[in-house]
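J.: Before I ask anything, let me first share the structure, which is written out below as structure tokens.
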């Protein structure tokens, strides 16, 4: 989400974080302050339960559609897990994790 995964950083920008699972927004927010201090950037989380994520995908949610089509950096999980959770077929995309393990692409 945002400019970070596309590597168009032009100075300190925020980090957009998409969380899908059982965690609540309060749980995520309480864990982020230390990370924000360490990286020197604000982190903006968007948190969905699995059912909410599936519902929004099925409804054609613009944010999620853009995220699924764009480059992603996975903190936990991977493209296959996201595909399974969302119940959708995703276009093959390179992620930072695949780049680090020998993938290729325009970085």
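J.: Could you pull out every one of the helices (runs of 4 or more DSSP H) wholly within region 5-107 that has 2 or more residues that are modelled with pLDDT under 85?
T.: Result: 79-86, 96-100.
J.: Among (1) touching a strand residue (DSSP E or B) at 6+ places or on another chain (Cβ under 8 Å); (2) crowded, with 17+ Cβ neighbours inside 10 Å; (3) farther than 17 Å from residue 25 by Cβ, where does residue 48 come up short?
T.: (3)
The values are calculated or read from the model by the stated rules, or taken from the named source; none is laboratory data. This structure is a prediction, so every number in the text was calculated from the model and none was measured. So basically every Cβ, Gly included, is an ideal-geometry build from the backbone, and we count neighbours across all protein chains shown.
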